[in-house]
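I have placed the structure first, in the form of structure tokens, so that the comments after it can refer back to it.
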Amino acid sequence: MHDFPIGTAAAGPSSQNEEPTRMPAAIARTLVLMAVLCLLALSPAAADNALFVVTGVAVDVKADTAAAAKKQALGDVQVTAFRMLAERLGGSEAAGLADRFDIKDVGRLLKSLSIEDEHTGPGRYFGRLTVRFLPDKVRRMFTRAGISWTEQRSARIVVVPLWKGENGPMLWEDNLWRRAWLSLGAENALVPLLVPLGDLSDAQTFSLDDALNGNEAKLEAIRIRYQGESILVAEGSPAGDNGVHITAAGPTPVGNVLFDKTYTLAEGGVAAAAEAAVRRFHTLLTDRWRAGRATANTPGPAAQSLSVAVPFASLEEWNMIRSGLLATPGVAGADIATLAQGGAIVTLAYTVPFETLQSSLYQGRLSLQQAVGGWVLQPF
């Protein structure tokens, strides 16, 4: 079969002689709004365009000395990350064109480098880094190079990995299948995939029995916790010494997913096959999403993003705002930069003129207005 068919705070106690004092709702909401705007001003993540941040870029370099190996690695990682960025935004053809650029070309596009983890040995440096690029400069580079791309992102998909190995099924425990999904690092991709933390709250909400029995209600609770537009249980099982069988089914922002495929490598074992299967799954998702969007070879509305403060009084109100936001025509994505009791900071991606965006939000009873500290989105 084809490997990826897709269809379209409560008041404290008071004495008997005292009347509890209540803060007027309007004042309380104003204070919450001010707090959220402070978060907006303080949060550097809110201003970043996540599409241009490439995480988990692996390097492993040998040279005469560890210092020389590190110096070379810090150059190599920029070129590698740029190719990954081009593939993220434009697919394999764009990645091929990106191979023409060297460190001098790519270095001019760099915003920052940060080390996730690193190790040194005699004449060796290896580790993983995060590379941040300057969006406007990257767009101009793509345009000059004739690279077509899109910045229109799908809504987030939450993926729950379920491993069925020789020692029985495993859900939240550490295992090679879960590690493969975590290593994908697709939170900032065109089709963002998020793997739950697997903490005590997750385990109490959605158990192994729930996964095996297909408990949709409890699975929905996980989706809501991680603010996904949809959620998939991705089952994996070993297929020989160097293979993995993967299945996943359900509705997603790119269409209905029906995935049932075995991936086998020549060598590397089951763990390597698991990583290959996960990458292939995400590549096919991304290709399908990209094929449905008009690519751009000049900067345009698809590149627009805005940091927005969203005050809310309850989780129910937050979910209502979020659902209305994602359903608004022209909204390509809403990434949560900060989420706390009483408010959130959202990086809003949109593909229409700003006035059109405001009008569309207003029709959905959401007001997007500029306040003293920045832009604020509120229901009315």
Worksheet entry | Residues that are in a helix (DSSP H, G or I) and under 22 Å from the mean Cα position of the chain (by Cα), drawn from segment 161-202 | Leu176, Trp177, Arg178, Arg179, Ala180, Trp181, Leu182, Ser183, Leu184, Ser201, Asp202
Practice prompt. Working carefully through the options Leu219, Leu193, Leu212, Leu258, find the one that is surrounded by 15 or more Cβ atoms within 10 Å (Cβ to Cβ) and out of contact with any helix residue (DSSP H, G or I) (no Cβ under 9 Å at 6 or more places or on another chain).
Written response: Leu258
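Results for (1) touching a helix residue (DSSP H, G or I) at 6+ places or on another chain (Cβ under 8 Å); (2) within 24 Å of Ala95 (Cα to Cα); (3) surrounded by fewer than 22 Cβ atoms within 10 Å (Cβ to Cβ), shown as yes or no for each residue.
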| site | (1), (2), (3) |
| --- | --- |
| Thr120 | yes, no, yes |
| Phe126 | yes, yes, yes |
| Met141 | yes, yes, yes |
| Ile147 | yes, yes, no |
| Ser154 | yes, yes, no |
| Pro169 | yes, no, yes |
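Being of a type outside the set (Ser, Thr, Tyr) and not in a strand (DSSP E or B) is the requirement here; does Arg128 meet it?
Values: of a type outside the set (Ser, Thr, Tyr): yes; not in a strand (DSSP E or B): no.
When the stated conditions are applied, Arg128 does not pass them.
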Worksheet item: Just for strands (runs of 3 or more DSSP E) wholly inside segment 221-331: which have at least 2 residues that are of a type outside the set (Asp, Glu) and more than 18 Å from Val159 (Cβ to Cβ)?
Response: 255-264, 304-311
Practice prompt. Name the one entry in Ala309, Ala337, Ala277, Ala344 that is outside the structural domain of Arg139 (by TED's automatic domain parsing), crowded, with 19+ Cβ neighbours inside 10 Å and in contact with a Phe, Trp or Tyr (Cβ under 6 Å, 6 or more places away or on another chain).
Written response: Ala277
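Select, from Val254, Val310, the only residue that is at pLDDT 85 or above and touching a Lys or Arg at 6+ places or on another chain (Cβ under 6 Å).
Numbers: Val310 fails: touching a Lys or Arg at 6+ places or on another chain (Cβ under 6 Å).
Of Val254, Val310, the one residue that is at pLDDT 85 or above and touching a Lys or Arg at 6+ places or on another chain (Cβ under 6 Å) is Val254.
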Item to complete: Could you grab the pairs with beta carbons closer than 7 Å, sequence gap of 6+ or different chains, first residue in segment 144-159 and at positive phi, second one part of a loop (DSSP other than H, G, I, E, B)?
Response: Gly146/Asn297
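The values are calculated or read from the model by the stated rules, or taken from the named source; none is laboratory data. Just so it is clear, the structure is predicted and the values come from calculations on it, not from any experiment. No Cβ is skipped: glycine too gets one built from the backbone with ideal geometry, and neighbour counts run over all protein chains shown.
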